[in-house]
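What follows is a single structure, written as structure tokens, with notes after it.
The values are calculated or read from the model by the stated rules, or taken from the named source; none is laboratory data. What you see is a predicted model; the values in this text were computed from it and never measured. When we count neighbours, we look across all protein chains shown, and the Cβ atoms used for this are built from the backbone with ideal geometry, even at glycine.
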Amino acid sequence: MKIIGRVEVETVIDVRCDVCNASTRVDTGGLQFGSLQAKWGFGANHDGERYEIHLCEGGFFQALAYLRQERRIQNMFGADGGSDPSEDLGLVANDDYFGDSGG
């Protein structure tokens, strides 16, 4: 026997950038955003704190550019002679259009 009724379900309808407050909804109807997350545990200065920041594409790449610059500065006089390992900082896959890289 089928019993049919209405069920109200909450779902994410938009994700707004925590920096510029722009919607991350794209023309195809999906959401495209990056996240920066931290969960600090025992022994950390911020023990028990959790963070989750949502970034639009522009905001994400601005933050990444800042981190790359900081990495360049920190490694400027390193043992590797100042080579720049920053260009691929955080890049896990390239040309992974369908999300099947397994990473």
> Are any of the residues in the stretch 19-26 surrounded by 10 or more Cβ atoms within 10 Å (Cβ to Cβ), of a type outside the set (S, T, N, Q) and touching a residue at least 40 places away in the same chain (Cβ under 8 Å)?
Replying inline: yes
> Among the residues of the stretch 41-58, how many are closer than 20 Å to residue 90 by Cβ and touching a strand residue (DSSP E or B) at 6+ places or on another chain (Cβ under 9 Å)?
Replying inline: 7
> When the residues of the stretch 20-39 are filtered to those that are aliphatic (A, V, I, L, M) and in contact with a Phe, Trp or Tyr (Cβ under 9 Å, 6 or more places away or on another chain), which remaining residue is farthest from residue 49 (Cα to Cα)?
Replying inline: 36
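Whether any residue in the stretch 51-74 is part of a loop (DSSP other than H, G, I, E, B), surrounded by 13 or more Cβ atoms within 10 Å (Cβ to Cβ), on the phi < 0 side of the Ramachandran plot and modelled with pLDDT of 90 or more is what I want to check. Before the answer, list the steps.
Taking the stretch 51-74 as the starting set, the residues that turn out to be part of a loop (DSSP other than H, G, I, E, B) are 56.
Filter again for surrounded by 13 or more Cβ atoms within 10 Å (Cβ to Cβ), leaving 56.
Okay, now just the ones that are also on the phi < 0 side of the Ramachandran plot, so 56.
Filter once more, so that each one left must be modelled with pLDDT of 90 or more: 56.
There is at least one residue in the stretch 51-74 that is part of a loop (DSSP other than H, G, I, E, B), surrounded by 13 or more Cβ atoms within 10 Å (Cβ to Cβ), on the phi < 0 side of the Ramachandran plot and modelled with pLDDT of 90 or more.
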> Does residue 38 satisfy being exposed (fewer than 14 other Cβ atoms within 10 Å of the Cβ), without any contact (Cβ under 8 Å) to a residue 24 or more places away in the chain, assigned to a strand (DSSP E or B) and of a type outside the set (Lys, Arg)?
Replying inline: yes
> With 48, 29 as the choices, which residue is at positive phi and modelled with pLDDT under 95?
Replying inline: 29
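Okay, residues lined up against (1) modelled with pLDDT of 90 or more; (2) of a type outside the set (Gly, Ala, Ser):
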{"site": "43", "(1), (2)": "yes, no"}
{"site": "76", "(1), (2)": "no, yes"}
{"site": "82", "(1), (2)": "no, no"}
{"site": "91", "(1), (2)": "no, yes"}
{"site": "98", "(1), (2)": "no, yes"}
> Can you tell me how many residues in the stretch 1-35 are within 25 Å of residue 91 (Cα to Cα), among the hydroxyl-bearing types (Ser, Thr, Tyr) and in a loop (DSSP other than H, G, I, E, B)?
Replying inline: 2
